[in-house]
Amino acid sequence: MIVTKMSLPRRTFLRGAGAALALPLLDAMVPALTASAKTAANPVRRLGVIYVPNGMAMEYWTPAVQGTAFELTPVLQPLAPFRDRLLIVTGLNGPAGGGTHTGASTRFLTGVKAETDGTAGISMDQLVARELGQHTQLSSLELSLDGRDNSGTCEGKYICAFTNTISWRSHATPLPMENNPRAVFERLFGDSGSTDPRRRAERLRRDRSILDSITDTVADLQAKVAPRDRRKIQEYLDAVRDLERRIQKAEEQTGTQLMPIDQPAGVPATFEEHAKLMLDLQVLAYQCDLTRVITFMFGREFSGRTYPEIGVPEAHHPLSHHQSDPARIASLAKVNTYHATLLAYYLEKLNSTADGDGSLLDHLTLMYGAGMSDSNAHDYHNLPVVLVGGGTGQLKGGRHIKYVDGTWSNLLVTVMDKVGARVDRIGDSTGRLAIDTLSGI
């Protein structure tokens with residue numbers, strides 16, 4: 001680490017007309033002489049959650065062996081480069097009831113069932129956001145690849161909000177998940193001091209980058225910081241510009257003019273392009289410390305998305321009702337594996353992005369899984385989940401821990417402990433899981 005006389009506050013923004021760009025952690029933001037010690041001793045803790053809809057092909061997911069000698073199953077095989085970062089937990093049961101698919105997305109982070117009066121329980125990510133969000137511009141970020149569905153595929157007497165989200169601010173307040181990359185980009189990098197839609201529309205009509213208005217500010221900063229910080233800033237700005245270019249391209253492809261911020265626009269034409277764009281936005285949000293809590297749904301429950309690009313033209317939800325047909329289960333496993341390849345893409349991005357004395361992956365606890373296991377039976381037992389990341393030294397990976405009739409909510413409490421948001425209980429929890437030991441007991 002190169003220490004210079006230049007000293008910057010951690011919350012430094014590059015401001016311009018219609019832009020307020022936070023910076024990643026630079027050497028100049030860490031006090032001289034104590035830089036390495038402070039960064040290593042107090043790394044930023046972060047929580048990420050990625051949700052998979054419509055259950056899992058469990059025979060393609062679950063390792064046969066417990067402990068450290070497990071072999072990666074077909075669905076988990078794309079994660080092979082990160083095997084030592086994986087903590088696979090099996091044998092945990094969620095609360096029963098609350099609908100089939102409705103219950104799946106609701107129980108995942110709340111540990112309770114959905115109620116027909118439209119209530120559930122505060123979700124684990126929002127409890128964490130109360131603690132970690134004190135230090136960031138956004139307390140949390142809720143994202144999805146599916147738009148909100150308000151009619152047609154909701155379940156019985158349950159409101160559609162139950163399947164549109166996994167995040168609940170309170171027992172009666174479900175949080176909407178944003179699927180529009182432009183809306184996310186503007187939320188992260190738009191100027192919070194000016195919400196005038198005319199200014200945003202004018203900039204878009206002139207096809208100007210959000211970075212154009214901060215060119216002079218960047219040049220001034222680059223002249224003052226050390227060479228290593230200059231490289232960090234340039235790499236970061238290149239990533240921001242690339243994301244904006246991809247969003248603009250998507251908007252051109254869809255032919256949709258940007259409307260008010262809460263309306264869908266600029267969603268890429270392909271699932272993979274959309275997913276990678278949203279994942280890259282999450283990396284930048286963590287990198288410049290705009291938020292430390294992100295939840296992301298690869299799809300909403302009942303998702304009927306097709307995946308012809310991987311040879312699965314059947315709609316996801318009907319396919320998940322496979323009726324024990326081996327061929328249909330194998331096709332479902334293809335979808336699950338495809339999702340895992342996108343997770344691997346994300347992990348590689350996190351791992352290659354510096355953060356203090358480590359990487360973003362080193363300082364992230366990421367929870368990946370589904371709210372039901374066997375989708376054909378809408379099974380709430382043995383829910384599929386894997387914890388990934390370094391967790392600022394709080395997670396011991398490279399293991400498979402198997403419980404016998406364990407309680408899902410106990411995992412939620414345990415994960416909250418790991419990210420520094422300790423609570424006594426959530427949902428139907430009865431205690432904590434000793435996941436630091438080999439047996440987990």
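The values are calculated or read from the model by the stated rules, or taken from the named source; none is laboratory data. In this text, all values refer to a predicted model and were calculated from it rather than measured experimentally. Heads up, the Cβs are rebuilt from the backbone with ideal geometry, glycines too, and the neighbour counts pull from every protein chain shown.
For this structure, a couple of remarks:
- Top-ranked residue in the range 372-404 [being modelled with pLDDT of 95 or more, assigned to a loop (DSSP other than H, G, I, E, B) and of a type in the set (A, V, I, L, M); ranked as farthest from Glu155 (Cα to Cα)]: Leu383
- Count of the range 317-370 residues, restricted to those that are in a helix (DSSP H, G or I) and either in contact with a Leu (Cβ under 8 Å, 6 or more places away or on another chain) or farther than 23 Å from Val128 by Cα (or both), is 31.
- Answer residue from the range 397-436, given it is more than 24 Å from Ser373 (Cβ to Cβ) and of a type outside the set (Gly, Ala, Ser) and is surrounded by the fewest Cβ atoms within 10 Å (Cβ to Cβ) among those: Asp424
- Here Ala333, Ala370, Ala344 are screened, and the one residue that is hydrophobic (A, V, I, L, M, F, W, C), touching a Pro at 6+ places or on another chain (Cβ under 8 Å) and within 24 Å of Trp168 (Cα to Cα) is Ala370.
- Selected residue [among the charged types (D, E, K, R), farther than 25 Å from Tyr346 by Cα and either more than 22 Å from the chain's Cα centre (by Cα) or at pLDDT 85 or above (or both)] from Lys224, Lys276, Lys232, Lys249: Lys224
- Selected residue (only one of Thr102, Thr106, Thr163 is crowded, with 19+ Cβ neighbours inside 10 Å, at negative phi, in a helix (DSSP H, G or I) and in contact with a strand residue (DSSP E or B) (Cβ under 9 Å, 6 or more places away or on another chain)): Thr106
- Output for the range 405-430, where each listed residue is within 13 Å of Ser123 (Cβ to Cβ), part of a loop (DSSP other than H, G, I, E, B) and in contact with an Asp or Glu (Cβ under 7 Å, 6 or more places away or on another chain): Ala421
- Asn164 being in contact (Cβ under 8 Å) with a residue 40 or more places away in the chain, among the polar types (S, T, N, Q) and in contact with a Pro (Cβ under 6 Å, 6 or more places away or on another chain): no
- Looking across the range 113-135, the residues that are surrounded by fewer than 24 Cβ atoms within 10 Å (Cβ to Cβ) and under 14 Å from Cys160 (Cα atoms) come down to Glu115, Thr116, Asp117, Gly118, Thr119.
- Taking the criterion of being surrounded by fewer than 23 Cβ atoms within 10 Å (Cβ to Cβ), in contact (Cβ under 8 Å) with a residue 24 or more places away in the chain and assigned to a loop (DSSP other than H, G, I, E, B), the residues of the range 83-98 that qualify are Pro95, Ala96.
- The range 47-82, residues that are touching a residue at least 24 places away in the same chain (Cβ under 8 Å), of a type in the set (A, V, I, L, M) and in a loop (DSSP other than H, G, I, E, B): Ala57, Val65, Val75, Leu76
- With respect to the conditions (1) at pLDDT 75 or above; (2) over 24 Å from the mean Cα position of the chain (by Cα); (3) assigned to a loop (DSSP other than H, G, I, E, B), Val44 lacks only one, and its number is (2).
- Residue check for Gly94: modelled with pLDDT under 95 and either β-branched (Val, Ile, Thr) or closer than 24 Å to Ser303 by Cα (or both): no
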